[in-house]
Amino acid sequence: MGVQRGRKANGMAQQNGEGDPVTLFEVVKQGKSAMQSVVDDWIESYKQDRDLALLDLINFFIQCSGCKGTVRIEMFRNMQNAEIIRKMTEEFDEDSGDYPLTISGPLWKKFRYNFCEFICVLIRQCQYSIIYDEYMMDTVISLLTGLSDSQVRAFRHTSTLAAMKLMTALVNVALNLSINQDNTQRQYEAERNKMVGKRANEKLELLLQRRKELQENQDEIENMMNSIFKGIFVHRYRDAIAEIRAICIEEIGVWMKMYSDAFLNDSYLKYVGWTLHDRQGEVRLKCLKALQNLYTNRELFPKLELFTNRFKDRIVSMTLDKEYDVAVEAIRLVTLILHEDALSNEDCENVYHLVYSAHRPVAVAAGEFLHRKLFSRHDPQAEEALAKRRGRSSPNGNLIRMLVLFFLESELHEHAAYLVDSLWESSQELLKDWECMTELLLEEPVQGEEVLSDRQESALIELTICTIRQAAEAHPPVGRGTGKRVLTAKERKTQIDDKNKLTEHFIMALPMLLSKYQTDAEKVANLLQIPQYFDLDVYSAGRMEKHLDALLKQIKFVVEKHTDTEVLEACSKTYSILCSEEYTIMNRVDIGRSQLIDELAERFNHSVEELLQAGEEADDDDIYNVLSTLKKLTAFHNAHDLTRWDLFGNCYRLLRTGIEQGSMPEQIAVQALQCSHYSILWQLVKITEGAPSKDDLLALRRERCAFMLLCDLLMIFSHQLTTGSREGLQPLVFNPDSSLQNELLNFILDHVFIDQDDENQKGDEEDEANKIEALHKRRNLLAAFSKLIIYDIVDMPAAADIFKHYMKYYNDYGDIIKETLSKTRQTDKILCAKTLILSLQQLFNELIQDQGPNLDRTSSHVSGIKELARRFALTFGLDQIKTREAVATLHKDGIEFAFKYQNPKGPEYPPPNLAFLEVLCEFSSKLLRQDKKTVHSYLEKFMTEQMMERREDIWLPLISYRNSLLTGGDEDRMSITSGSSSSKAGSIRSKKGRPPLHKKRIEEESVESSWMMRNDTLQTPGALQTPQLTSTVLRENPRQAAEHLPEQNSEPGSESDYVHKRGLMEDDAEPIFEDVMMSSRGQLEDMSEEFEDTMVIDLPPSRNRRERAELRPDFFDSAAMIEDESVRMNSRDPVFQFEVNAASHQVPVSLGCFKNATCQPSSQI
């Protein structure tokens, strides 16, 4: 189609009868026509009427800027560019901040590409005639220069992009002219050097004329490029808008690479070097990518020498950039600079340590640098000769030694997995050379050659284990990456091949390694991790049972030799893996395990008898014999069912003797408790998996006293043991690990929160008495566990599983749960609020699992959760100042949970957890007025424009929650219902003209400043007085294993996301020149000196910036809360008592502080 079709006489375009687009802007926007034909049609119209064609082109740039105005033919002929631009500025739609280059969506993304392509094709098609007519290019360059100097961002942005693409197209034309000139010159020289008789004078004259014409065209193109560069680039490369600066830097990089003879010099490189200090990451990123394109070509190194010397330090410092994308590209650029040998050892060391970065792309880039620097420069012939002389099958010995030395010198031994993961993509061949690693470990010293030291051997074993894990699991270590991704077919095949390769090698090598290092606990513990990555079918498929027997023999020797817990647990885990029922080797391994346990059990029973008979006269040998054997049995009992050896009996005798006589060594008591704990758990597993017999139930009841002892000992040996100037007792403090806490909690959930009808089914009177007795026992158990939570022995988030039963079991345990809630709030208000919202989230998740995502909000289950939330809200009391931080935290966690997942059906559907906002409404009344505004602003961060406009029933939870944040005044309501208008109004006010705040508000702000800067992390409260001893029992429940703490994601708006972002309310602020992490004062002063002769665009304030006199959003910015890590506790009541009201019985259960308390036998508890 022709762009001139349907044109009026005044130059304005109109639609033809079929409704097809007839303006250049519409054609380019839709992109339905080939750009070549569009440009050809425009050229044809230009040949017919230059003014009308240029008018089309001018209106094209105006409309691409989002301006609704149109330049008429009279304006074009009679007005200067400045007047035309002023007129168009007046007709610009000021109510809209968007324009084609900034509007999101696939159509406008394609428009940007089409826009740039149109300019490039236009110049390419006009390069032989039209651009030299001194009319078209002069008009276009003059217009773009004027638009680029406009106060309107849309004009400036669009014209800069057009000008830079125009410049790129002209550079390409200049390059072609230069090539043609060289070719013409060579032809001329060749013709002139011919003999006089063979020389063609006419051809010489044509070549001279051709060379002159090309030179004239070259001069004109250079004049055009100078006009664009000096009139637009030198001003816009430091524009206030980062996108404009990025465009300039990206294109100058293209010019330098495309036409290096003209542009790759210090006069142009300095602009890239200065912009390396830009405050915006996207601009710094463009600088680095532009330089990468230059350093990739080694022929350009001589021209880059001065630039490298001047800006090398800045580039190296950018490897620590606060923007991870920038840091990655900086490391890649430094890797390219390695070829120039311009980096000092100090520069390299600054990059080396980044292989331990938690951000995987940064670490992988640093691994590539390390590989290029240390593992690529070796003499293959010398390596092969050395390997042959030492009898090795691989020539990588020296490289592996170098890797070990690097690991040891970095002094980050616990991060071996990170080092291996960083090098995995670049040095995979080296890291999978397990034969060479094994040879280095097993080889004997040879005279005249240095062998690995003991420290180097330990490091090599650790690195070997990490390479095996990486190959077998095919995913990064914990802390690197967001989770396990689905492997491609090729990656899966590589994983299987690697696993078979390492299994076949280490099946034979592992027994030899264990034999050599059997006395070294650290090395043996690491080596015993290898079997868990085996493909155990290889033992039977490859007829390698003799190597299995050798491995079992070595493990048995290790168990007999060592008493170190880590080594014993590694042996136990190895037996557990080898005893898997799915493999045919299970019977062979089970026989070896049973023989080992028989020997240990017999030795344990004999040594216990000797210790108990000796009594107070027992010597160190008696104690050591019991302790060493008991530690081995305990380690195996953790992963293996040893109940048929009846270890519990002797463990109970040891504990009972220690309580009655007080002479039992502490280490034996701890191991006996642990072994008893495992024994009871295995008994519970048997009972729950089948129909229990009466003898089983009686035996389990007798064993409950061990759990009572466990709870008492946890309290005695808690952190409160060191209070009262008893810091010397710190080594005796025992903190239960997460697995033990989970098992305690699971037992409470399975044995406390049950229906009474499940227990007894006897006669009325007897049944009633049994119910009261059973309730008394259950309340004792719950009180014991609550005590562990209150005194910070069990983590507070575990209380979420207790709090969620507050309504359902109110009659039985309401007083205990309520008092637990009160005491935990005294300990830590914020953590208590997090625990409350976690309990509601757990109930909501359970409801989603039962009913599916489409909840019936009128159902009794949903109402029950809302009622529980209402009860929780009442516990915050009436003093909103004291609880404001806790309530704000609660809302913040609730909002993040509601928007945690996107609806798989698409963004037009509500998130699956959106209904949770209706529960969160119950806490809105506890927010202060100014906090409601802050919470609402935080909510808006998660909302899209579509969400704000939806009014269907499924969006009612969001509507209800937003409305609950409106209570408090008309001003609040306006900010919700007409957010756009309030934004504009807020931008008009100035800070100086802000009305004075009410006195009460000032007081609230002073309080606010104290709580907004507090740490939002979990804190350990101070020591409470030790309560009286009560007891509990536990059992593992796999269903609840992962419900204690919420999953940590990095969703938009989450705490981890806010560490690298600005404050909640500081959106869309205009850029201000600021330094980035590694900038130095001297470098910035250099920039200022060079900028003195250039122009700065001073734009009006952003319309999105608001006045927020009374709001402080810092609380929602985790970066602002890490300054104060202390959490002060309020004064506490040392007495914590529950009263049990069951029928007519009054059974007091005391949790008060105790002094000089002793453990009572189970019959008295």
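The values are calculated or read from the model by the stated rules, or taken from the named source; none is laboratory data. From a predicted model like this one, the values you see are computed outputs, not experimental measurements. No Cβ is skipped: glycine too gets one built from the backbone with ideal geometry, and neighbour counts run over all protein chains shown. Just so you know, the surface numbers come from the protein's heavy atoms only, side chains and all, with ligands and any DNA or RNA stripped out. Shrake-Rupley method; radii C 1.70, N 1.55, O 1.52, S 1.80 Å.
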ask   = So how far, in whole Å, is the C-alpha centre of the stretch 859-889 from the one of the stretch 808-837?
value = 12 Å
ask   = Quick one: putting +1 on the C-beta of Lys and Arg, -1 on the C-beta of Asp and Glu, what dipole do you get for the stretch 89-130 around its Cα centre, in Debye to the nearest 20?
value = 580 debye
ask   = What number comes out for the charge environment of residue 25, summing +1 per Lys or Arg and -1 per Asp or Glu over other residues with Cβ under 12 Å away?
value = 0
ask   = Taking the C-alpha atoms of the stretch 29-166, how large are the radius of gyration and the largest Cα-Cα span, Dmax, in Å?
value = 14.5, 44
message = If you take every residue apart from residue 216 with its C-beta less than 15 Å away from the C-beta of residue 216, what net charge results, scoring Lys and Arg +1 and Asp and Glu -1?
response = -3
key: Furthest towards positive pole of dipole, 354, 247, 273, structure part the stretch 231-390, Cβ charges   = 354
message = Can you give me the long-range amide H partners of residue 528? Hydrogens built in the peptide plane at 1.01 Å from N, cutoff under 5 Å, separation of 5 or more residues or another chain.
response = none
inquiry  = Please compare each pair in 823/892; 573/804; 493/905; 493/556; 553/631; 490/556 to a cut-off of 29 Å on the Cα-Cα distance and tell me which ones are over it.
reply    = 573/804; 493/905; 493/556; 490/556
Residue (of 99, 113, 185) at the positive-pole extreme of the stretch 94-217, dipole from beta-carbon charges = 185
ask   = Beyond 20 Å, what share of the Cα-Cα pairs of the stretch 807-891 remains, rounded to the nearest whole percent?
value = 39 percent
key: Three principal axis lengths of the stretch 157-258 [C-alpha, angstrom, descending]   = 67, 21, 16
key: Charge dipole magnitude, Cβ of K and R +1, D and E -1 - the stretch 825-907, Cα centre, debye nearest 20   = 220 debye
query = Going toward the positive end of the dipole of the stretch 397-529, with +1 on Lys and Arg Cβ and -1 on Asp and Glu Cβ, which of 438, 496, 418 do you reach last?
reply = 496
query = Got a sec to turn the phi values of the stretch 420-426 into Karplus ³J(HN,Hα) couplings, 6.51 cos²θ - 1.76 cosθ + 1.60 with θ = phi - 60°, whole Hz, x for Gly and Pro?
reply = 5, 5, 5, 8, 4, 7, 9
task = Using θ = phi - 60° and the Karplus relation 6.51 cos²θ - 1.76 cosθ + 1.60, list the HN-Hα couplings for the stretch 253-266 in order, rounded to whole Hz, with x at every Gly or Pro.
result = x, 5, 4, 5, 6, 6, 10, 5, 4, 9, 10, 7, 8, 5
note = Cα convex hull volume per residue for the stretch 828-981, in Å³, equals 106 Å³
message = Only four residue types carry charge here, +1 at the Cβ of Lys and Arg and -1 at the Cβ of Asp and Glu. Report the dipole size of the stretch 462-608 about the Cα centre in Debye, rounded to the nearest 20.
response = 540 debye
remark   = Phi angles of the stretch 742-750, converted by Karplus (6.51 cos²θ - 1.76 cosθ + 1.60, θ = phi - 60°) into ³J(HN,Hα) in whole Hz with x for Gly and Pro, give 5, 5, 4, 5, 5, 5, 4, 5, 8
query = How high is the relative contact order of the stretch 280-374, in percent, with contacts defined as C-alpha pairs under 8 Å that are six or more residues apart?
reply = 27 percent
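What's the carbon and sulfur percent of the stretch 878-920's accessible surface, probe 1.4 angstrom, rounded to a whole number?
Carbon plus sulfur share of accessible area: 58 percent.
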inquiry  = Sequence gap at least 6, Cα distance under 8 Å: using those rules, report the relative contact order of the stretch 104-211 to the nearest whole percent.
reply    = 23 percent
inquiry  = Is the C-alpha gyration tensor of the stretch 473-543 telling us rounded, prolate or oblate? Criteria: a/c under 1.5 is rounded; beyond that, a/b larger than b/c is prolate, otherwise oblate.
reply    = oblate
task = Please sort by residue number the trypsin sites (Lys or Arg not before Pro) in the stretch 25-87 whose DSSP state is loop and whose Cβ has at most 15 other Cβ atoms within 10 Å.
result = 32, 68
ask   = Within a Cβ distance under 10 Å of residue 115, other residues only, what is the Lys/Arg minus Asp/Glu net charge?
value = +3
ask   = Carbon-plus-sulfur fraction of the accessible area of the stretch 782-871, 1.4 Å probe, in percent?
value = 45 percent
request  = Using the heavy atoms of the protein chains and a 1.4 angstrom probe, tell me the accessible area per residue for the stretch 321-379 in square angstrom.
outcome  = 41 Å²
ask   = Which of the GluC sites (Glu not before Pro) found in the stretch 757-864 are in a DSSP loop and have at most 16 neighbouring Cβ atoms, other than their own, within 10 Å?
value = 759
